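Asker: Below is one structure. I have some questions about it.
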Amino acid sequence: MEFSSVSKSRSTALSDLWRVLALYFPQNSAGDSELRFNLTSDLFHIFSSHQAREIVDQVKEDDGLFFLPIDFQQFRKVCQLEDFYVALEEKPRDALMCMSAAVHKVLFGKEETMEDCPKINIRLHNYQNSMIALKNLKAAYIDRLVSVRGNVTKVSTVRPLVIQMSFSCAKCGTNITRDFPDGKFSPPTKWRVPRTVDCEMTEDLVDACIPGDVVTVTGIIRVINNYMDIGGGKSKGKNQSLYYLYLDVVSIINSKSQSAPEDMQHTDSNARATEHLDLYSFSPRDLEFIVKFSEEHGSDVFRQIMQSICPSIYGHELVKAGITLALFGGVRKHSMDQNKVPVRGDIHIIVVGDPGLGKSQLLQAAASVSPRGIYVCGNATTNAGLTVAVVKDPMTSDYAFEAGAMVLADRGLCCIDEFDKMSAEHQSLLEAMEQQCVSVAKAGLVASLSARTSVLAAANPVGGHYNRAKTVNENLKMNAALLSRFDLVFILLDKPDELLDKRLSEHIMSVKSRDTRDVDMNVRSDSLVAKLRLDPKKDSDFVPLPAPLLRKYIAYARTYVFPRMTKPAAEILQKFYLRLRDHNTSADSTPITARQLESLVRLAGARARVDLREEISTQDALDVVEIMKESLYDKYVDENGLVDFGRSGGMSQQKEAKRFLSALNKQSELLQKDCFSISEIYSLADRISLRVPDIDTFVDNLNSVGYLLKKGPKTYQ
C-alpha cells in the first residue's frame, strides 16, 4: 500500500514538472524535451535545498511581474551542477528557462492551478566569462550569453509585445495561430558611428535606464532578418538577405542612474562602491603605479602632471595648471542630502586669445587625457547636439531621446572649441553648467538628464585680436550670465617679445638652446609659474607621463579622494575674496559674486586631489589664489595696465560715455533733432574735450551697447 502511494506522489510530481515546462516552453520539441526535463528536475532539487533557499527568497514582485536577481558568483558556490553550466554556455535561453521553471515549481508547487501563476524571470548578473567588448560582437556569438558595458545613447517608448497572433486566410477562411516567442523587433536602418548594439528589454527591465547612463548589459545575442520578420515590404530584393544582431537582455546593472534600487541601501558599502565604480576599474598593476608615482614625486606631482598635458605647447604654465585642476575636479557638495540643492564640483574654464597660440591643441590634449572626454567644435554644433535631441524612430514613428555631448560627457570633460562662433547655443549651456542637468520638453516628452560635466572652452575675440581697451564681454560678445559661470577666464595675448619668440621658435624647431642662461625676466623666482616651469639643467631628462597612465591616475583621484577644507586654508581664501569684494565698486560691472568664492573652494579641492590628499593645505589655497589672480588680473586690466574691476562686463570708459551722452541729449533738445552726422559728433567731442584713445571705436561701442543707433552711412540717432 505504501509503495503505491509513493509511486503515485512521484508520478504527480513528474506531471507537475511537465505542466510547468509546458508553460515556459510552449513549442517543446521532442528532441530537446528530455534534456530540458532532466535539467529542470536537477535544478528543482538544488533550489529546494536548505543552502539555496535564501536565493529563492529574493524573488521580487513588481506590478504583477515576478523576477529573481541572481549573482552568478554566489550561485556558483551553491550549485555544483556541471550540466547547467555547459547548457548556459551552449544554450543560454534554455538553461535560464529551465532555471525559471525550477524556481516556479519551488515557489508555487503547493498551488492547485500552478500553470495560472505568473512566470518568473531570472535576471543573471556578475557573469565574468561573458564580458566582451562591443567591437567584438560578431556572428560567432549568435545565441550565446554575453555582457557588454557602455553608454545609453537612445531610449524608445514602452510598447506592447506580441506573443501570439491569429491570421485568417482571405480565400478559404482558415484560421492559423502563430506563436511569437520573441515578439517583434525593429532593427536600425544603418549602424551609427560609435560602436552600438540594440538591446531589447521586456517586463520588469522596461525603463531601467535613461540616456547618458553607463550600464552593463547581460543578454543573449539574437539574429533577425529585416525582410522576413517585419512583414516584407516593397523593396524585396534589397533587404532580403540582411540580418541584424541584437541583444535579448537578461539583466542590466546601471552604475549611475539617479534612482538606486531599494535593496542597494541595505547592502554592504563594498557592493555599493563596486556599483558606483563600474565606470573605472583598476587592476593591481594600475594601483601599484599610482602608489609608486605619488610616493616618488611627492609634492612635485602637480608639476609632473601639468607638464605631461600637451608637452608640444611651449609655456602657458598657468593655463595648463587650470586645465589640470579641471581634469581632477572639485568635490560636489550635498550630493547625498535630500534637503539641500547640490553645489557643483566641476570646474569650468574659458581660454580667450589671439589666433595661433595653440588653444585648440590644449583642448584636444585635455579631451584625450580625461577618463571621459568629448571634443566638439562650436561652428558645427547645434543646440540639440550639445544637450538632448528628440529623434523619430523610423520603424514605429515614436519619439525617443538621443543624448548629446554634455550628457555623454557626464562625470567627464566637454571641450568646446570656437566658442564664439555659436552665440545661439549659449543659452542651452546655462542650465547644464550650473545646475548640472539638462531639462527637455520636446514633442510631448518631458525629462531631466544629468550632465555633471566640466566645460573647457576656447574662443577668439571679435576683431580677430584681443583689444585691451575693451572689456571681456565686448571682446567676446558673450552675456554676463554665461561668463560668470566660468571659474577661470584665461586671456592669451600675442605680444612681441624678442627673448620669448626666440625660445618659442627653438621649441618648434626642436633645437635645444646652447644659451643656458634661460631666465625669464618677468617671472618672480618664488611665483607659481617659476615652480611649475621645467628647469633646463635639472629637468633635461624629463619624460611626460603616457596618456593611459595619466588617465588612470585622474580616474583614481576622482573616484577615491574627497578632500576636506581646513581652517587655515579657508581663512586664506576668505581674505582674498573679501579683498576682491572691496575693490569691486564700479557702477555696472559683472560683479565679483559668491560664485567666485565657490570657485576658489572648488579649485582648492582639486589642487589637494592632485596630490591624493584628504585635507586642503594652506599651500593649496595659496596656489589657487595665484591662479585666480592671474585669471582676474587678465580679465580686469585696462589698456594702461591698471586693474579696474568694472571691466568684467558692460562697457569700457564708463564715465566718459555718461558725460558724452548727457551732452548729446542737451544738444538734441536745443536743436530739436535726434539724428547727428559723424562730423557733428566729432565737434561735440572736441567741445567737451572727451578723453578717449580712439573716437571711432568709442562711437562703435556706444552703437553696439545700444545708446546710439546707426541710421545710415555716417549718421547716428
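The values are calculated or read from the model by the stated rules, or taken from the named source; none is laboratory data. This structure is a prediction, so every number in the text was calculated from the model and none was measured. Glycine gets a Cβ as well: all are built from the backbone with ideal geometry, and neighbour counts include every protein chain shown. Side chains are part of the model used for accessible areas, which takes the heavy atoms of the whole protein and leaves out ligands, DNA and RNA. Shrake-Rupley method; radii C 1.70, N 1.55, O 1.52, S 1.80 Å.
Asker: Distance from a point 7 Å along Cα→Cβ of GLU34 to each backbone N in the stretch 58-101: keep the residues under 18 Å and list them by number.
Answerer: Answer for this model: 83-84, 87.
Asker: With a ≥ b ≥ c the root eigenvalues of the C-alpha gyration tensor of the stretch 653-716, is it rounded (a/c under 1.5), prolate (a/b larger than b/c) or oblate?
Answerer: rounded
Asker: Evaluate 2.2 N^0.38 Å with N set to the residue count of the stretch 292-427, then give the Cα radius of gyration divided by it.
Answerer: Normalised Cα radius of gyration, the stretch 292-427: 1.28.
Asker: Using a 1.4 angstrom probe with every protein chain in place, what is the largest-first accessible-area order of TYR466, TYR399?
Answerer: On the way: TYR466 25, TYR399 95 Å².
The ranking, largest first, comes out as TYR399, TYR466.
Asker: Go ahead and run the numbers for FRET between ARG222 and SER283, Cβ-Cβ distance against an R0 of 30 Å, rounding to 0.05.
Answerer: Once rounded, the FRET efficiency stands at 0.40.
Asker: Related question: Per the 1.4 Å probe, what fraction of the accessible area of the stretch 31-91, in percent, lies on carbon and sulfur atoms?
Answerer: Details: 1700 of 3550 Å².
Carbon and sulfur: 48 percent of the exposed surface of the stretch 31-91.
Asker: In the stretch 653-716, what percent of the accessible surface is made up of carbon and sulfur (1.4 Å probe, ligands and nucleic acids excluded)? Before the final figure, lay out the partial values.
Answerer: Details: 2170 of 4120 Å².
Answer for the stretch 653-716: carbon and sulfur cover 53 percent of the accessible area.
Asker: Any chance you could list the semi-axes, whole Å, largest first, of the equivalent ellipsoid that the Cα gyration tensor gives for the stretch 284-348, using √(5λ)?
Answerer: They are 28, 19, 9 Å, listed from largest to smallest.
Asker: For the stretch 653-716, what does the accessible surface come to per residue with a 1.4 Å probe? Please give it in Å². The partial results should precede the final answer.
Answerer: Working: 4120 Å² over 64 residues.
Heavy-atom accessible area per residue stands at 64 Å².
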